[in-house]
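This report refers to the structure that appears directly beneath it.
Nothing in this text is a laboratory measurement; each read-out follows from the coordinates by a stated rule. Predicted model only: the values in this text are computed from it and were never measured. With ideal geometry, Cβ positions are generated from the backbone for all residues, glycine too; neighbour counts draw on all protein chains shown.
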């Protein structure tokens, strides 16, 4: 879609034009070159079938396709996320407007939405258990994910565990808390296998670490789609997904002040969820000492530095 959305690529024989820019075409023999052209031609046809492109001799993006292109997601993910946003726009996503903190219910809704994308689901417990370790199993499971009704997946206990764990991350649970909530699988060498607390805590960090970046990326795409529905979505939600903090204040403390997750949560708990209130307090040098006992020396120095920058910005 990115290529098709470039005005310079509104040319005859688009499949061949795109194929000629690939290494596979350049290095292949005549039959391999034709295979690349055929593959791209089928992809363009699929975009037309799904409403992302219009065969107008040559192909061009539809309005839906132009929006999907901006999300940076695969066509299948863009379609699923767009559908989820359309459903949410009439219900829970309206309640995001003006929020400064995410309660567990809202965190669960956000988790449900980002798991609609293949970029996220491929790192889920559900996918790992369904696909196994073979490439063939992963491919067939992903094809099934993209074609099946979402209701079949949501009936899975393992998928329910994915939503519970990731929403708990967004709500601020520690890795140890996540490990305690995760299923206990029989194979001790697998993710969340066995009952060893240290291993399971390490597994929680690995699990979350693979999800946060693609989930934040998918959420950014959902925000783009949400604008078409007139949704007012707070900017801090993306940071909540990425850093595992539930409030606007904690998210800003991490992004602006580079505090650790624990330090940001502590300051937000002491000052409140709204960034405006927190910035006023840490911008007051006389109040900074109040935070020294609850922060590491590194976090305290970072907080002092942030407070100084905030004071200078209003002078």
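Could you work out the relative contact order of the chain? I mean the mean sequence separation of Cα pairs under 8 Å and 6+ apart, divided by the number of residues, in percent. Mind showing how you got there, number by number?
Details: 396 pairs, mean separation 46.7, N = 315.
This gives 15 percent for the chain.
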What is the Cα coordinate range of region 43-107 on the first, second and third principal axes, sorted by size from largest, in whole angstrom? 49, 19, 17
Computed over the chain: longest principal axis from alpha-carbon atoms vs helix 135-147 long axis, angle to nearest 10 degrees, is 90
Simple SL model, points at 7 angstrom along Cα→Cβ for residue 296 and residue 227; separation in nm is 3.7
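Before anything else, pin down the relative contact order of region 247-313: Cα pairs under 8 Å, at least 6 apart, normalised by residue count, whole percent.
On the way: 72 pairs, mean separation 23.4, N = 67.
The normalised contact order for region 247-313 reaches 35 percent.
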Computed on alpha carbon atoms, what radius of gyration and Dmax characterise region 1-127, expressed in Å? 18.7, 59
How much space per residue, in cubic angstrom, does the convex hull of the C-alpha atoms of region 7-61 take up? 70
Over the Cα atoms of the chain, what radius of gyration and what Dmax do you get, in Å? 23.1, 75
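Counting only C-alpha contacts under 8 Å and six or more residues apart, can you give the relative contact order of region 7-61 as a whole percent? Spell out each step's value before the answer.
On the way: 42 pairs, mean separation 20.2, N = 55.
Relative CO of region 7-61 lands at 37 percent.
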For the Cα atoms of the chain, what angle does the longest principal axis make with the long axis of helix 30-49, in degrees from 0 to 90, nearest 10? 60
Over region 212-267 - Rg/Rh using Cα atoms and the Kirkwood inverse-distance radius: 1.04
By the C-alpha gyration tensor axes a ≥ b ≥ c (rounded if a/c is under 1.5, else prolate when a/b exceeds b/c, else oblate), the shape of region 133-204 is oblate
Which peptide among 156-166, 297-307 comes first, and what is the full order, when sorted by highest mean count of other Cβ atoms within 10 Å? 156-166, 297-307
So what does log10 I(q)/I(0) come out to for region 159-199 at q = 0.17, 0.20, 0.32 Å⁻¹, using the Debye formula with one equal point on every Cα and no solvent? -0.43, -0.59, -1.10
Euclidean distance between Cα centres, region 61-111 to region 139-204, Å: 22
Can you tell me the Rg and the Dmax, both Å, for the Cα atoms in region 132-271? 17.2, 52
So what's the back-of-envelope 222 nm ellipticity for the chain, counting only DSSP H runs of four-plus at -39500 (n - 2.57) apiece and dividing by all residues, rounded to 500? -19500 deg cm²/dmol
Using a simple spin-label model with points 7 Å from Cα along the Cα→Cβ vector, what separation in nm is obtained for residue 285 and residue 202? 4.6
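Rounded to the nearest 0.05, what FRET efficiency is calculated for residue 92 and residue 2 with R0 set to 22 Å and r the Cβ-Cβ distance?
On the way: r = 31 Å, r/R0 = 1.39.
Here the calculated transfer efficiency is 0.10.
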Roughly how tilted is helix 261-271, in degrees to the nearest 10 and between 0 and 90, from the longest Cα axis of the chain? 50
For region 247-313, what is one quarter of the convex hull surface built on the Cα atoms, given in nm²? 3.6
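When you count, for each residue, the other Cβ atoms within 10 Å and take the mean per peptide, how do 214-222, 65-73, 281-289 rank with the highest first?
On the way: 214-222: 22.3, 65-73: 20.7, 281-289: 14.6.
Descending packing order for the listed peptides: 214-222, 65-73, 281-289.
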With a 10 Å radius around each residue's Cβ, average the other Cβ atoms per peptide and rank 198-208, 127-137, highest first. 198-208, 127-137
